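Enquirer: Quick one: this structure, given as structure tokens, is what I'll be asking you about.
FYI, it's all coordinate maths here, none of it is from the lab. Nothing here was measured: the structure is a model prediction, and the numbers come from that model. Glycine also receives a Cβ, built like all others from the backbone with ideal geometry; neighbour counts cover every protein chain displayed.
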Amino acid sequence: MEEPRGEVLENGRPGLGRWGRAGVVAAVLALGAGALTWPQAADPAPLPVAAAATTPPSGTAGRPYQAGLTEDRRIRLGPPVEAEGRLPRLPTALPGRLSPDGAVPLGEDPVARALLLIQETREVQTTGPVFALGDDGRFRELDTTSLRPVADRHGNVQTLLDDTALSPDGRRAAFAQRDEVAVLDLTTARLHRWRLPGYNEVVSWLPDSATLLVEQEEHAYLLDLTTGEARRQPYPGFGTVAGSPGLHRLAGADLTAWDRAGRRLSRTVARPVVGVSPAWAKAAGPEWMGPGWARGGRIARDVFGAGQPRPYTDVFEAEALVVLDAATGRLDAALVHQGVDRMKGCCGVLGWYDAGTVMFTSSSAAAHRLLAWRVGTGEVFRVTELPLGTVVALGPL
């Protein structure tokens, strides 16, 4: 049966043609105001009892934390928050601690390539300052004075910066706006506006650094920045898996793959194992937090409510980072974040450092860090210390 098709917009105006390239977009990671506890869900599916870790759980100066295996050897228990500051660092282009203090205006000193973008979440009701860390190790402040706060049709305001807003080549930053998308060329400090009617909420780059997936609540669009053409996709917004030429959408338990003509190639059920209780998973599926990221046929994403209840309490231990097979939806590996002193949405995935290493955040009331997990070995590393209450978008590291 032929897949549904829709209109083509040329710089926001209805035009002729078939459905264009498809993709998916994820909701922005929302950080809470403090530590959070998890009420026990009905019919929980607890993790198997954990086995002893193969190395000391605190981590040591020359040796990474080795996440402890559970009885299901695909599932590992990550370091507690108090141990993260002692983890050895993964060598990257980032410094050990990030601070945009002393940043100069981007217009005075454009970057050749940005390693990351960062914005404080306390500025959510305004556009707030957004900073870019250049590959020369210095911060620039982006001029966002002409941009508006991002809101949905119900008036809910979110951060201007999405964690998928920096292009893979580190040269451009994209921002959702009402009835348009703003794209800032970081190498020239020039802002370009692309008309796209509606409550645009989230933007996500395709690997070519020339195509954007723009998300609204009920619609998703592919915006070609070369031609200005926007094509509506045959699925609603939210659920994007970023980072791969293969276009996937992960919403609830539904994992679908699409080609760039907007045709669905496959559909399967996501089976993360953790973060799922039998009573509600059949109807709603896992509660995903932040975007998914794909690489090499695998998808990494943060899932909520992944732990088991503490003895004699109804507090769930944590959420988890899961890696799924993109073709089958089956669990390849999981890293459960222990403890109840992190925030909901604590540990959003920010991309893959290489084919076997996932980059993710760990947020609590006391610390905000970028960590890395080597999926095959279970090793966990510290990458950099982030300012408290910030959202981050990574570029090429």
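Enquirer: Charges only on Cβ, +1 for Lys and Arg, -1 for Asp and Glu: so what's the dipole of the stretch 93-232 about the Cα centre, in debye to the nearest 20?
Expert: My answer is approximately 140 debye.
Enquirer: Pop a pseudo-label 7 angstrom from the Cα along the beta-carbon direction at both S209 and T377 and give the gap in nm to one decimal.
Expert: Simple spin-label model gives 3.0 nm for this pair.
Enquirer: OK, next. First select every other residue whose beta carbon is under 15 angstrom from the beta carbon of R330; then total the charges, Lys and Arg +1, Asp and Glu -1.
Expert: +2
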